[in-house]
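*Asks:* Sharing a structure, written as C-alpha cells. Questions coming.
Nothing in this text is a laboratory measurement; each read-out follows from the coordinates by a stated rule. Bear in mind that the values here come from a model prediction, so they are computed numbers and not experimental data. Cβ placement follows ideal geometry from the backbone for every residue including glycine, while neighbour counts extend to all protein chains displayed.
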Amino acid sequence: MDKFHIVGPTRLAGRVRASGAKNAALPALAATLLTEEPVELHRVPRVRDIRTLCRLLVHLGMSCDEREDGALVLRRDKPIEASADEAPYDLVKTMRASVLVLGPLLARYGHARVSLPGGCAIGVRPIDQHLKGLEALGAEVRLSHGYVETRADRLRGARFRFDMPTVTGTENVLMAAALAEGTTVLENCAREPEVVDLANLLNAMGARISGAGEETIVIDGVRGLGAARHDIIADRIEGGTYLIGAAMTRGDVTLEGASTADLAPLLDKLAEIGATVETGPEGIRVRVDGDLQASDLDTAPHPGFPTDLQAQYMALMTQAHGVATIRETIFENRFQHAPELMRMGADIRVDGNGARVHGPTPLTGAGVMATDLRASACLVLAGVAAEGETVVDRIYHLERGYESMELKLQSLGARVARWVVPAA
Ligand code: EPZ
C-alpha cells in the first residue's frame, strides 16, 4: 500500500487545473447503458473509481475505449441477450456508486440484479430511496441474498417525492424515467451540479428532461436514446481541495477550468474567513496574506456547503483564529480525520455530529492513516502545512477520486512524494 511522504511547511503557490468530476463521470458512464449507440465522454478523470465502473460496464457487455485525444468511447459490444444484467458483489463492494447501473439496466433490459452496496466508512448509506423511486415507476423490487432484483416490462411515468435530497438516488431514478412511458415528476431532488450534468448528457442522447438543478425535475419518457458527445464538468471538490490548501498555507493559487458558480458555497466561506478570492477568465484565485478568522460551518445538500469538503475545511480551521463549530448533517460518521489531525497537534473536540476546532495551532508532521477519500485529502493538506515530515498511509483511498494529486501539489511547490510499498 503506497504512502505519501510530505515535508512541510510549504506555502502553496501557482496555477493548477481542475480535472473532470468523478461524481459526474460515474453516472455519465452508467447512462451509456441506456443506448445501443456510442457515447463519447471527454474530461473523464483517470481515477480508480472510474476504472472500477468501466470494468463493471465491460462485464455488462459494453466496450470502454480510450481514444488518443483522451476521450472515453462507450458502446454496446455484446447483444443484450448475450450480456449479463447483474452487478456482482465483487465489483459493487469496492465502490458503492456501482448502484448507478440499477436504473439504466432496469429501464433498458426490463430486469436488473445489483448487489446491495453494504456499509461504508462514513455512514450506513442505505439505498431505500433509489428503490422506492423505481417502485413508483412500476418496478417490482425484491431483496434476496444480498442483491436487489428488479423487474418491469416497461416503466411508467409517475410522481415521486424523495424523503431527502439524495444525489445518486436522484440520478438513478432520473435515468430510469428517461425511458419510461409517460411523464415523471420527481420532487425534493438533489440539486448538485453533477445531477445537472447527467441531465444534460441524457438530453444530448435524446431524453426530455427539464428542471435539473431545481427541487422538482420533470421527465417526459422517450422510446429510445441515441449517440452523444459530452464534456464532463470540472470537479468542484477536487478544485476546492486545492483552494483550501492555498488558504491553509497562506498561499496564492489559481484554479483553472473550474466553475465559480459550482464552487460558490466554498468561495463565500473562504472570503468570510479572510481569504482574498478573485474570479475571472484566468480562473479562480485564492490567496491569504493576513490571519484567518474561525467560522462555524454546517454541511448541507447543494447549494449548501458540500460534505465532501468538510474534512478539508476542518484542517483549514486548525490554522484560523478562534473556535469553529463544524456540524456534519449528511453522514453520521464523517469525523474520522479528526483524531489523525490531533496526532499532528490540532485541538479538536468531537461530540456526535459536531466538532469544535480551536485555533490556530501549529501542526507538526506525523505518521497518519487515511480512512476514506476526503479524509485522506484533509491529511495531505495538513502534511503540507505542518512542520517536518508527514507520512500518509493508505493513500489508495485518495486514488479513488484525485487524479495525479502529488504531481499537482508538486506543481504548486509542495514537497510530496509517493512511497511505493511493494506488495508483501
Ligand atoms: C453522493 O453520494 C456522492 N457520491 C458523495 O461523494 C457525496 O458525499 C454525497 O452524494 C453527498 O453529497 C457520488 O456522487 C458517487 P446521498 P450518495 O444519497 O448519492 C441518505 C465522495 O467523497 N440516503 O446524497 O450516496 C444517506 O444515507 C463521495 O466523492 C438514504 O437514507 O449520497 C445520506 O445521509 C462520498 N437513503 C443522505 O441521504 C437513500 O436511498 C445523502 O446521501 C439515499 C440516501
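*Asks:* Looking at the chain only, what percent of DSSP beta bridges run antiparallel? Nearest 5 please.
*Replies:* Within the chain, antiparallel bridges account for around 70 percent of the total.
*Asks:* What relative contact order, as a whole-number percentage, does the chain give when Cα pairs under 8 Å and 6 or more residues apart are counted?
*Replies:* Relative contact order of the chain: 22 percent.
*Asks:* Taking each pair of distinct Cα atoms in the chain once, what is the resulting Kirkwood hydrodynamic radius in Å?
*Replies:* Evaluated on the chain, it is 22.0 Å.
*Asks:* Report, please, the projected area of segment 301-424 averaged over directions, based on the convex hull of its C-alpha atoms, in nm².
*Replies:* 8.3
*Asks:* Along the charge dipole of segment 217-351, Cβ charges K/R +1 and D/E -1, which of A261, L225, I244 sits furthest on the positive end?
*Replies:* Going by the Cα projections, it comes out as L225.
*Asks:* What does the charge count near F160 come to, summing +1 for each Lys or Arg and -1 for each Asp or Glu among other residues with Cβ under 12 Å from its Cβ?
*Replies:* +1
*Asks:* Return the calculated 222 nm mean residue ellipticity for the chain, to the nearest 500 deg cm²/dmol, obtained by summing -39500 (n - 2.57) across DSSP H runs with n ≥ 4 and dividing by the residue count.
*Replies:* -8500 deg cm²/dmol
*Asks:* Any chance you could give the angle, 0 to 90 degrees and rounded to 10, that helix 264-273 forms with the longest Cα principal axis of the chain?
*Replies:* 10
*Asks:* Related question: Which GluC sites (Glu not before Pro) from segment 270-312 combine a DSSP loop assignment with at most 11 other Cβ atoms within 10 Å?
*Replies:* The qualifying sites are E282.
*Asks:* Separate question: Excluding M1 itself, calculate the net charge of residues whose Cβ lies under 11 Å from the Cβ of M1, where each Lys or Arg counts +1 and each Asp or Glu counts -1.
*Replies:* So the environment of M1 carries a net charge of -1.
*Asks:* Might you report the magnitude of the Cβ-based charge dipole of the chain about its Cα centre, with Lys and Arg at +1 and Asp and Glu at -1, to the nearest 20 debye?
*Replies:* Using only the charged Cβ atoms, the result is roughly 500 debye.
*Asks:* Sort 156-165, 326-335, 94-103 by packing, meaning the average of other beta carbons within 10 Å per residue, with the highest value first.
*Replies:* Going by the mean number of other Cβ atoms within 10 Å, highest first, we get 94-103, 326-335, 156-165.
*Asks:* May I ask you to list the GluC sites (Glu not before Pro) in segment 55-162 that are in a DSSP loop and have at most 10 other Cβ atoms within 10 Å of their Cβ?
*Replies:* In loop regions of segment 55-162 (DSSP not H, G, I, E or B), the sparsely surrounded GluC sites (Glu not before Pro) are E68.
*Asks:* What is the angle, in °, between the Cα long axis of helix 22-31 and the longest principal axis of the Cα atoms in the chain? Nearest 10 is fine, range 0 to 90.
*Replies:* Computed tilt is about 10 degrees.
*Asks:* What three numbers, in Å, describe the spread of the alpha carbons of segment 252-373 along their principal axes, ordered from the longest?
*Replies:* So the three principal-axis extents are 40, 31, 25 Å.
*Asks:* For the chain, find the longest principal axis of its Cα atoms and tell me its angle to the long axis of helix 193-204, 0 to 90°, nearest 10.
*Replies:* The angle comes out at about 30 degrees.
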